[in-house]
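The values are calculated or read from the model by the stated rules, or taken from the named source; none is laboratory data. On a predicted model such as this, the values are computed, not experimentally measured, just so you know. No Cβ is skipped: glycine too gets one built from the backbone with ideal geometry, and neighbour counts run over all protein chains shown.
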Amino acid sequence: MPCDASEFLQQRLDMVAYQLERRGIHDENVLAAMRQVPRHCFIPGQLQDMAYEDRPLPIGYGQTISQPYMVGLMSAMAQPDPEGAVLEVGTGSGYQAAVLSLLFKQVFTIELNQELARNAERVFVELGLQNIHSKQGDGSCGWEEFAPYQAILVTAASPRPPQPLLDQLADNGRLVIPVGSKPGQTLQTWTTRQGFFHCTYSIPVVFVPLRGKYGWSEVDWEWYDS
Ligand code: SAM
């Protein structure tokens, strides 16, 4: 049954007021996007009542939809650009991509898990989000065909910023990425200016691992926790 996007409006407004604005996210475009996107439509049916709570939630296959605050923070760190293109690595439920679709002209998003990629694609179509282009694959290598991007968001923890993602940034572009191992990571913004990269921002976070060519192997990820 298609999701009723008009449900839970008051919870959505409260989520933005109490979880985002009160914690210091003031980018009006980000706040407006998160008031608009029906987060519950990206969450498995039995958990939809919890969609606006201040926490990540399971979406199946051992993966999660990020906490609303984290989605807002990463969107603000990406610096919305209505004329620009953004790449997201780790589509998951599709919620972050949907928020980005109101902040950038084009959104490209890649998910490793075939089923999650399919589910997200279905919700994008259902909600009429026509500027999102999604595919199944290893996003740690980026999506070269549509580069350069004004912003790249990685929603899984990486051992280091993958070089192909840095290479696919436009000049003055931002790579927002959790970097670190299982016990802890920092959320970093890497910016590029005339071929030079530098890290401009960093706070502690906890994410699931980035897999693939430039991500964590299962053995190494678990080893760091032992
Ligand atoms: N942004 C998502 C959302 O709004 O629901 C949450 C993403 S979840 C925290 C991280 C996702 O990254 C998982 O769905 C996982 O399968 C995916 N992932 C991990 N490694 C990946 C890779 N190399 N390429 C693409 N997706 C990857």
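For this structure, a couple of remarks:
- Put simply, of Gly139, Gly128 the only residue that is over 14 Å from the mean Cα position of the chain (by Cα) and farther than 20 Å from Ala51 by Cα is Gly128.
- Of all residues in the range 11-27, at least one satisfies being under 16 Å from Leu73 (Cβ atoms) and touching a Lys or Arg at 6+ places or on another chain (Cβ under 7 Å).
- Arg174 vs. criteria within 14 Å of the ligand (Cβ to nearest atom) and charged (D, E, K, R): no
- Meets criteria (away from the ligand (no atom under 14 Å from the Cβ), of a type outside the set (Asp, Glu) and either in contact with a His (Cβ under 6 Å, 6 or more places away or on another chain) or modelled with pLDDT of 95 or more (or both)) for Phe104: yes
- All helices (runs of 4 or more DSSP H) inside the range 69-172 with 3 or more residues being in contact with a strand residue (DSSP E or B) (Cβ under 8 Å, 6 or more places away or on another chain) and surrounded by 18 or more Cβ atoms within 10 Å (Cβ to Cβ): 95-101, 114-126
- Extreme residue, nearest to the ligand (Cβ to nearest atom), among residues of the range 79-101 that are under 16 Å from Leu175 (Cβ atoms) and over 10 Å from the mean Cα position of the chain (by Cα): Val86
- A single member of Asn131, Asn119, Asn113 is touching a residue at least 12 places away in the same chain (Cβ under 8 Å) and more than 12 Å from the ligand (Cβ to nearest atom), and it is Asn131.
- Residues in the range 85-112 that are among the aromatic types (Phe, Trp, Tyr) and over 21 Å from Tyr61 (Cα atoms): Phe104, Phe108.
- None of Arg23, Arg39 is touching a residue at least 12 places away in the same chain (Cβ under 8 Å), of a type in the set (Lys, Arg), within 26 Å of Leu175 (Cβ to Cβ) and touching a Gly at 6+ places or on another chain (Cβ under 9 Å) except Arg23.
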